[in-house]
Amino acid sequence: MSVKAFKLVSAVEREMLMGDKNYINIECIECCGKNLYIGTNDCFIYHFLLDEKVSTAGKITFAATKQLHKYLGLKKPVSELKAASALTRLLVLCDNTITLVNMINLEPVPTGARIKGAVTFTLNENPVSGDPFCVEVCIISVKRRTIQMFMVFEDRVQIVKEVFTPEQPCAVAVDGYYLCLALTTQYIILNYNTGVSQDLFPYCSDEKRPIVKRIGRQEFLLAGPGGLGMFATVDGISQRAPVHWSENVIGAALCFPYVVALDDEFITVHSMLDQQQKQTLPFKEGHILQDFEGKVIVATNKGVYILVPLPLEKQIQDLLASHRVEEALVLAKGARRNIPKEKFQVMYKRILQQAGFIQFAQLQFLEAKELFRSGQLDVRELISLYPFLLPTSSSFIRSHPPLHEYADLNQLTQGDQEKMTKCKRFLMSYLNEVRSTEVANGYKEDIDTALLKLYAEANHESLLDLLVSENFCLLTDSAAWLEKHKKYFALGLLYHYNGQDAAALQLWVKIVDGDIQDSTRSDLYDYIVDFLTFCSDQELVWKYSEWILQKNEEVGVQIFTKRPLEEQEKNNINPDDIISCLNKYPKARVKYLEHLVLERKIQKEKYHTHLAVLYLEAILQLKSVTTDNCTETTELLLKLRSLLQKSDLYRIRFILDKIQGTDLHMESAILYGKLEEHEKALHILVHELKDFHAAEEYCMWNSESRDLQYRRRLFHLLLSVYLTPGTSDCTLVMAAVDLLNNHAAEFDAGLVLQVVPDSWSVQLLSPFLAGAVRQSIHTKRMTQVALGLAQAENLIYKHEKVKQKGAPILLSDKKVCQVCQNPFCEPVFVRYPNGSMAHTHCAANRHLNSNVTPHSPSSSNQT
């Protein structure tokens, strides 16, 4: 596809060069800065100054001013011109001789320095000598198959190397020690320092004119077979794809990122970046095409023209205007080497952003997103396309010049609702990705507010996630938008996030009461309960507690029972106040007291007693309605019994008085047990309830954490209740037998044998008797073992005592007390098991003496 990369501008008109002399033809040209040199077929050199002019409209023209011309006097065409600006010399090839002339006055150097026998020559633009005051010249010699290297100074020349080639060379280019040669049948790379050569590819010099051009460090451009422009490095490889030329290419030039080629009728422009042909300019009778320091000059026999490159930015903008995004980006990347780094970065970011909007308009969202990211787009540029998404308080102004041509999304999509929906879906995704990155720095409010509006409009599930996490949504804009779209629950979350819990609760309560409609949460009542549970504002909790409890007192009481533990421990809300509030709600009051007593385990008598009374009243109320124990009654009975058994804080007599006259016998037994009136309790269990298992359990739990004697007393008491004199109930007798046989270890066998009737057979009590005998034997044997161990220990001590008495003790005036370090004055002393001795008074005070040595008697308490 075409790109207007160059414009052809005339530099030297025919009249300025030759007037009416039609026989004069241009043979070669050279340009150095503003100096233009032209060599003609009549052995003249012309010197012009080129002055570039730019009009107010941006049009570029060149004015050539003739300085002088010089006749070389050889009547031969001037074949080639090369400028050596460092030497202020112009190298002129005429009649196989290279002459050095002054660049200013075109006079030959006084020394007459010259190089003879040259067919053609070129300069080494990557010299190896390192001398800034000389140039390296490579010539194809008139000698057969010979290349010569020269060093040219200001007024002399010096041959450096002569190299022989396998075939006659036709064209040459130089880079350092490397020569790229067009031979008769092939191109080769030759290192003239080492003599190593590398064949590139064949071609026929008879059929077409070879082209060898250095285009960069260690890289050359060659005219290959089939009309291909081939790139080759000094290693003999190609790092770029070839460009497609015509078969009859005359010359080639480089103006990065373009390769320019000349044939009989056209000038063609190819990109080095993607090898595509970008421009074609009609140009007939051209025979010279060369580039000089970025300036491309083309000439016919009669005139000189300059290919003026259009600014790369304009080329890129033209490509973007044609929606050729890929080409624009390739060209922009390639422009990096020609533009200062800071300027390039600014330009390239803008190009990426423009390309992103082009892709966006074509609904290529993945490509657009990557371009926006790479170009570090101010995301508000994108948001501003969507009407009303930016907050009213936003100070954002679109980039100028604009990054795109669209006023808003309506214009971009031309009202197509499906496209608008896709664009909004893309923006949701993009904003969600960038809101937590550096892209959002500085305008997080604009991003989050826009995202909230998109979510609300689309009824998107992520709206709630946005509002319950850290966000920067602006309250005024967001609240109005949520209300407009009837997102009242979300509006409440917004109020909560901004510290306006009262407003949030007011909205939610209206939703539950049906005053406003919002089906976001079907469990909104439960949500409000949880919200109040963790709400630190006590006024709000009390304000809505009545409403909560009226809706569902069993669930609503959670605002008191499930509050954070640390808050409950501080008693920020007085439990007594809560109980007073719950007096109108009996179920809630019971649950709250259960929370205090059973979960928080508050050790206060009034709470334990109150809970027991509430259980009791509820049970009696249910029993007054029906005689059968329903599930609710059974549950309450179990709760009451558990409380009566496990708690020691309630007022026992008070509860017992309330139970009197009811059929709550088990509960009465538990209370009598708490009063240590076990006989009454067991009597109720045995004679009233006839629940023998419960009677045994009673003995077990009442003796928990008590000693064995206490437990035995309870079991003997139960046995005596079973065997009450005058009782002839066989059931009680069997219960007594089972009690003895099943709990033999809990009885004193001697006492049992005294109370059981004489009529009972041994067989009847055989399990009990076997257990009693076994226990008695076990006890006796354990006692014998303990006695034996004690006797053995006593024997050990006696043995130690005998050993201590058997060893002689020597006391002399040289012995000193181990405590006070003074000698003994009398034969009275204390000796310790470790052999040390001390005065009797020192031994008595040894624990008070701070000077006891490590070997003092304090190490043992035995004497």
Next on the checklist: 5 Å is the cut-off here: which amide hydrogens, built 1.01 Å from N in the peptide plane, fall below it relative to LEU183, excluding neighbours closer than 5 in sequence?
Outcome noted: CYS170, ILE188
Item to check | Helix 488-497 vs. the chain, principal-axis angle (Cα, 0 to 90°, nearest 10) | outcome: 90
Checklist entry - Any idea which of ASN301, THR280, SER394 is furthest toward the positive side of the dipole for the stretch 271-411, if Lys and Arg beta-carbons carry +1 and Asp and Glu beta-carbons -1? => result ASN301
Item to check | the stretch 346-453: C-alpha gyration tensor shape, a/c 1.5 cut-off, then a/b vs b/c | outcome: rounded
Checklist entry - the stretch 391-456: which trypsin sites (Lys or Arg not before Pro) are DSSP loop and have at most 13 other beta-carbon atoms within 10 angstrom? => result ARG398
Checklist entry - Going through the stretch 539-594, which trypsin sites (Lys or Arg not before Pro) have at most 11 other Cβ atoms within 10 Å and a DSSP loop state? => result LYS570
Item to check | HN-Hα J in Hz across the stretch 410-417 - Karplus 6.51, -1.76, 1.60, θ = phi - 60°, x for Gly and Pro | outcome: 4, 5, 4, 8, 6, x, 6, 5
Checklist outcome for this item: With a ≥ b ≥ c from the Cα gyration tensor eigenvalues, square-rooted, and the rule rounded for a/c under 1.5, otherwise prolate when a/b > b/c and oblate otherwise, the stretch 12-91 is oblate
Checklist entry - To the nearest 10 Å², what's CYS32's accessible area with a 1.4 Å probe? => result 20
Next on the checklist: Leaving ligands and nucleic acids out of the surface, order TRP542, TRP760, TRP508 by accessible area at 1.4 Å, largest first.
Outcome noted: TRP542, TRP760, TRP508
Checklist entry - With all protein chains present and a 1.4 Å probe, how do VAL298, VAL816 order by accessible area, largest first? => result VAL816, VAL298
Item to check | For the stretch 178-337, average projected area of the Cα convex hull in nm² | outcome: 10.2
Checklist entry - Mind checking the dipole of the stretch 158-208: about its Cα centre, +1 per Lys or Arg Cβ, -1 per Asp or Glu Cβ, Debye to the nearest 20? => result 140
Checklist entry - Taking a temperature of 37 °C and a viscosity of 0.692 mPa s, what whole-number D in µm²/s does Stokes-Einstein yield for the stretch 1-139 with Rh from Kirkwood over alpha carbon pairs? => result 198
Checklist entry - So how far, in whole Å, is the C-alpha centre of the stretch 783-850 from the one of the stretch 418-485? => result 91
Checklist entry - How much accessible surface area, in Å² rounded to 10, belongs to the heavy atoms of LYS284 with a 1.4 Å probe? => result 140
Checklist entry - Cross-link list LYS7/LYS343; LYS562/LYS639; LYS639/LYS674; LYS333/LYS369; LYS7/LYS76: which exceed 26 angstrom alpha carbon to alpha carbon? => result LYS7/LYS76
Next on the checklist: Suppose R0 equals 51 Å. What FRET efficiency, 1/(1 + (r/R0)^6) with r the Cβ-Cβ distance, do ARG831 and LEU751 give to the nearest 0.05?
Outcome noted: 0.40
Checklist outcome for this item: Here FRET efficiency (C-beta to C-beta, SER642 to ASP663, R₀ 25 Å, nearest 0.05) is 0.85
Item to check | Unit charges on C-beta of K, R, D, E only; dipole of the stretch 1-53, Debye | outcome: 300
Checklist entry - In the full protein assembly as shown, how much of ASP416 is accessible to a 1.4 Å probe, in Å² to the nearest 10? => result 60
Checklist entry - How would you rank 66-75, 256-265, highest first, on the average number of other Cβ atoms within 10 Å across their residues? => result 256-265, 66-75
Checklist outcome for this item: re the stretch 424-473: pairs of Cα atoms spaced beyond 12 Å account for a percent value of 58
Checklist outcome for this item: Between the Cα axis of helix 692-702 and the main Cα principal axis of the chain, the angle (0 to 90°, nearest 10) is 70
Next on the checklist: Along its three principal axes, how long is the stretch 714-812 when you only count alpha carbons? Whole Å, largest extent first please.
Outcome noted: 90, 23, 20
Checklist entry - Which value in deg cm²/dmol, rounded to the nearest 500, describes the helix-derived mean residue ellipticity at 222 nm for the chain, given -39,500 (n - 2.57) per DSSP H run of n ≥ 4 and division by the residue count? => result -12000 deg cm²/dmol
Checklist entry - Between the stretch 520-562 and the stretch 16-36, what's the alpha-carbon centroid distance in Å? => result 98
Item to check | Accessible surface of the stretch 769-822, 1.4 Å probe, proportion on carbon and sulfur as whole % | outcome: 62
Item to check | Cα-Cα P(r), the stretch 437-528, percent of pairs per 10 Å interval | outcome: 17, 51, 26, 5, 0
Item to check | Overall Cα dimensions of the stretch 521-651, principal axis frame, Å, largest first | outcome: 44, 34, 20
Next on the checklist: So if each residue of separation counts as 0.36 nm, and I subtract the Cα-Cα distance between GLN362 and LYS4, what length gain in nm does that give?
Outcome noted: 126.4 nm
Checklist entry - Using the alpha-carbon atoms, what tilt in degrees (0 to 90, nearest 10) does helix 524-533 show relative to the longest principal axis of the chain? => result 70
Checklist outcome for this item: Rounded to whole angstroms and listed largest first, the alpha-carbon spread of the stretch 70-186 along its three principal axes comes to 42, 36, 17
Checklist entry - How big is the chain in terms of Cα radius of gyration and Dmax, in angstroms? => result 56.6, 166
Checklist entry - So which trypsin sites (Lys or Arg not before Pro) in the stretch 689-796 are both in a DSSP loop and have at most 12 other Cβ atoms within 10 Å of their Cβ? => result ARG706
Next on the checklist: Suppose a student asked you for the relative contact order of the chain, using Cα pairs under 8 Å spaced at least 6 residues apart; what percent would you report?
Outcome noted: 4
Item to check | Most to least accessible of TYR177, TYR187, TYR710 (protein chains only, probe 1.4 Å) | outcome: TYR177, TYR710, TYR187
Item to check | Derived scalar couplings ³J(HN,Hα) [the stretch 213-227; Karplus, 6.51 cos²θ - 1.76 cosθ + 1.60; whole Hz; x for Gly, Pro] | outcome: 9, 6, 10, x, 4, 6, 9, 10, 10, 10, 8, x, x, x, x
Checklist entry - Rounded to the nearest 20 Debye, what is the dipole magnitude of the chain about its Cα centre when Lys and Arg each give +1 and Asp and Glu each give -1 at the C-beta? => result 2720
Checklist outcome for this item: The percentage of the accessible area of the stretch 178-249 (probe 1.4 Å, all protein chains present) made up of carbon and sulfur atoms, to the nearest whole number, is 46
Checklist outcome for this item: Extend 7 Å from the Cα of GLU247 along its Cα-to-C-beta direction; within the stretch 265-287, residues with backbone N under 17 Å of that point are 265-266
Item to check | Using θ = phi - 60° and Karplus 6.51 cos²θ - 1.76 cosθ + 1.60, couplings along the stretch 644-661 (whole Hz; Gly, Pro as x) | outcome: 5, 6, 8, 9, 10, 9, 6, 7, 5, 4, 4, 5, 5, 4, 5, 7, 3, x
Next on the checklist: Which of the three applies to the stretch 650-799, rounded, prolate or oblate, going by the alpha-carbon gyration tensor with a ≥ b ≥ c and a/c under 1.5 meaning rounded?
Outcome noted: oblate
Checklist entry - Can you list the residues, at least 5 places off or on another chain, whose amide H is less than 5 Å from the amide H of LEU310, using H built in the peptide plane? => result PHE6, LYS7
Next on the checklist: I'd like the distance separating the alpha-carbon centroids of the stretch 630-697 and the stretch 206-275, in whole Å.
Outcome noted: 110
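The values are calculated or read from the model by the stated rules, or taken from the named source; none is laboratory data. A quick note: this is a predicted structure, and the numbers were derived from the prediction, not measured. Don't worry about glycine lacking a Cβ; one is built from the backbone with ideal geometry, like all the others, and counts go over all protein chains shown. Protein only, heavy atoms only, side chains kept; ligands, DNA and RNA dropped before computing areas. Shrake-Rupley method; radii C 1.70, N 1.55, O 1.52, S 1.80 Å.
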